[in-house]
Each structure stands twice: as structure tokens, then as C-alpha cells.
Amino acid sequence: MTHSTHAYAPDPRNDNILIDVNGALFPRHEAKVSVFDSGFVLGDGVWEGLRVHPGPDGKGVIAFLDRHLKRLWEGAKTLDFDMGLSKEALSKRLYDCLDANDAHDGVHIRLMVSRGVKATPYQDPRATISGPTIVIIPEFKRPVAEAASAGKRLFTVHVRRGYPDGQDQKLNSHSKLNCIMACIQAAKAGADEALMLDPHGFVATCNSTHFFIVKDGEIWTSSGDYCLGGITRGIIIELARADGVIVREKNFSVHDVYNAEEAFLTGTFAGVTPVSEVDGRKICEARGPMVERLQSLYKRHVAAEAAKGR
């Protein structure tokens, strides 16, 4: 995968990974879910992307796992289904899967939970006849080497982040069609990622990452009303403020973006990624001083998190 903000270096070990499906491990080519599963039939479920770093004993540590599980449980409660196990039990399942794959560094986990198997392909949750389907896919994925310094190109799309009475953007659901449509439009325009606006025309977020700009030495990001409560987004805001940087969560338009000193993206996979261009307007030729500063702060913070061990 050579494009987008999730570009990664291929790793042959991924051909032989073991995938956890409801607590049982299967080789990659044998890992399956039912065609009657709620996630497949309806996109009815929630998920998390998790990043693994080596701990003090060499064993992989999932960064900020407590925050991710909190968001996962909140999503399941919003969709009105019980996870069927405790956070401690799911944590153990995650680490058992990592150990079974000898996966302790440069690993990205896709944790997916659907409502479960249905008696018939119909949307009513009462047609569900099993407990939740829980799938853990650990892959050896490192961002391409230039991701930290080479800026990404964004394109402002017509697909909006909608009102919460339609589909609440704070819910990290399997149903991502609005983001997929945004991604398609950006790709057709030759960009790496889509910049998405809220219903009022203000900048909201990107299709798979969160968006920030630097203006007059301050960091601006959206109000957060129309975007997922990003784990990395929140951590970057905390770290910047603790380091004396003014961070404003506010409404701003693409006019402000075009005239920013720097712009960057945040996400679990690549951390802090610079943006070089938006809609053909050059923002910053290379990684700017604020991005470099934040990358350093985030790297140290992740290292401290991993040093705590499991």
C-alpha cells in the first residue's frame, strides 16, 4: 500500500499471521466470520485501531489501551449490545494473540466487534442469535520511512461530516460509507486524504485522521462536534498544552487552512504526519518546526507508556 496516510512497508510475516476470532486462533487464510454476521450484513459494530510498541521486557505493549477500550465500550453501549466479556478479558485476549504471533514491535492491531450472527439478514437487533463477534487482526505494519517528514496532500471534498441525529460522528462504527466516499473523491483528485467539512462549512476532520493547522504560533483544530474523539488527537492536544503551546478547538474555514504556517494529521498508525498541500495550495514544503516538536513530544510519551509494561 503506497498511497494515503496509512501507507506502510510490506512485511512477508503478515502472510502467516494468526487471527483471533472469538477467542480461537486461525491462520490468515482460514479466519472467517458468518455471512449472517451483523458486521458483514449491516456494518453493525464498532472497532479500534491499536499500536504496539516493545515494553521493558521486550514484550509488546498496546499504547493507550485503556483509552481505546473505553471508547470501544462506549460505542457498544450506544449501539445497545453487551460486549459479552470484561475489559480485562479482552486485554488478555489481545496480548495472547500478540504472543502467539511473536508480534512485539511495529505492529498494528485491528480490533473489530460486531453485534453478532443474525437468524436472517435483517436490521432489527432482535434478529441477532449469538453474542458479539470479536476479531483481532495483528499485522506487522510500519509507516513508510518518509511519512514523518514528507507532507501529505489533501483535497477538500463535498462529502460532509453530518449532524449527530443522522449518524453521530463520535461513534467509531463499522459503517464508514461517508468516509469511504470522501476517500474516493480525494483519490480521484490525486490526493492522499480527504479534508471533510462540517454541515456549516467549517473544517471538521479527514476521512481517516484528525486535522490541525498552525496559525501565528498557535495550534488550531476543529471544535470536535463533528468528528470522532480521536485518541491521538486528544493526546497531542494534552502534550502541546503541557509544553506551553496554545491550542484552540474552534471553528475555522479552508481560507484559514490555505494560509496556515503548517498543517498536520494525527492518528494511531503514524502518530503526527505533516501536510504539505491542500487543494493545490502549498502549506509547508517540508516538516515544519511545530510538527517536529510535536513528533518529539509524542515519541517520548509513547516510549514512557510502553515502559510501564503490560
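Details
- Scanning the range 64-106 for residues that are polar (S, T, N, Q), over 25 Å from residue 129 (Cβ atoms) and more than 20 Å from the chain's Cα centre (by Cα) yields a single hit, 101.
- Every condition in (1) loosely packed, with under 15 Cβ neighbours inside 10 Å; (2) of a type outside the set (Lys, Arg); (3) outside the structural domain of residue 96 (by TED's automatic domain parsing) is met by residue 6 except one, and the failing one is (1).
- Among residues of the range 158-174 being of a type in the set (D, E, K, R) and surrounded by fewer than 15 Cβ atoms within 10 Å (Cβ to Cβ), the one that is nearest to residue 228 (Cα to Cα) is 168.
- Of all residues in the range 254-273, exactly one satisfies the criterion of being loosely packed, with under 13 Cβ neighbours inside 10 Å and either within 16 Å of residue 218 (Cα to Cα) or at pLDDT below 95 (or both), namely 259.
- Filter result (touching an Asp or Glu at 6+ places or on another chain (Cβ under 8 Å) and surrounded by 19 or more Cβ atoms within 10 Å (Cβ to Cβ)) within the range 175-190: 183, 186
- You will find that of 149, 114, 175, the residue that is at pLDDT below 95 and under 18 Å from the mean Cα position of the chain (by Cα) is 175 and no other.
- Beta carbons closer than 6 Å, at least 6 apart along the sequence or on distinct chains, pair a first residue in the range 59-87 that is at positive phi with a second that is outside any helix (DSSP H, G or I) and surrounded by 15 or more Cβ atoms within 10 Å (Cβ to Cβ) for 84/131; 84/132.
- Screening the range 274-300 for residues that are at pLDDT below 95 and either within 22 Å of the chain's Cα centre (by Cα) or surrounded by 16 or more Cβ atoms within 10 Å (Cβ to Cβ) (or both) and picking the one that is farthest from residue 149 (Cα to Cα) gives 284.
- For the range 126-143, filtered to residues that are surrounded by 15 or more Cβ atoms within 10 Å (Cβ to Cβ) and outside any strand (DSSP E or B), the residue that is modelled with the lowest pLDDT is 142.
- Residue 233 vs. criteria surrounded by 21 or more Cβ atoms within 10 Å (Cβ to Cβ) and either over 16 Å from residue 283 (Cβ atoms) or of a type in the set (Lys, Arg) (or both): yes
- Options 96, 102; residue that is at pLDDT 95 or above, surrounded by fewer than 21 Cβ atoms within 10 Å (Cβ to Cβ) and either in contact with a Cys (Cβ under 6 Å, 6 or more places away or on another chain) or part of a loop (DSSP other than H, G, I, E, B) (or both): 102
- Residue selected from the range 236-273 under the condition acidic (Asp, Glu) and over 18 Å from residue 195 (Cβ atoms), by the criterion farthest from the chain's Cα centre (by Cα): 243
- Output for the range 145-157, where each listed residue is in contact with a strand residue (DSSP E or B) (Cβ under 9 Å, 6 or more places away or on another chain) and surrounded by fewer than 15 Cβ atoms within 10 Å (Cβ to Cβ): 149, 150
The values are calculated or read from the model by the stated rules, or taken from the named source; none is laboratory data. Bear in mind that the values here come from a model prediction, so they are computed numbers and not experimental data. Because the Cβ atoms are built from the backbone with ideal geometry, glycine has one as well, and the counts that use them run over all protein chains shown.
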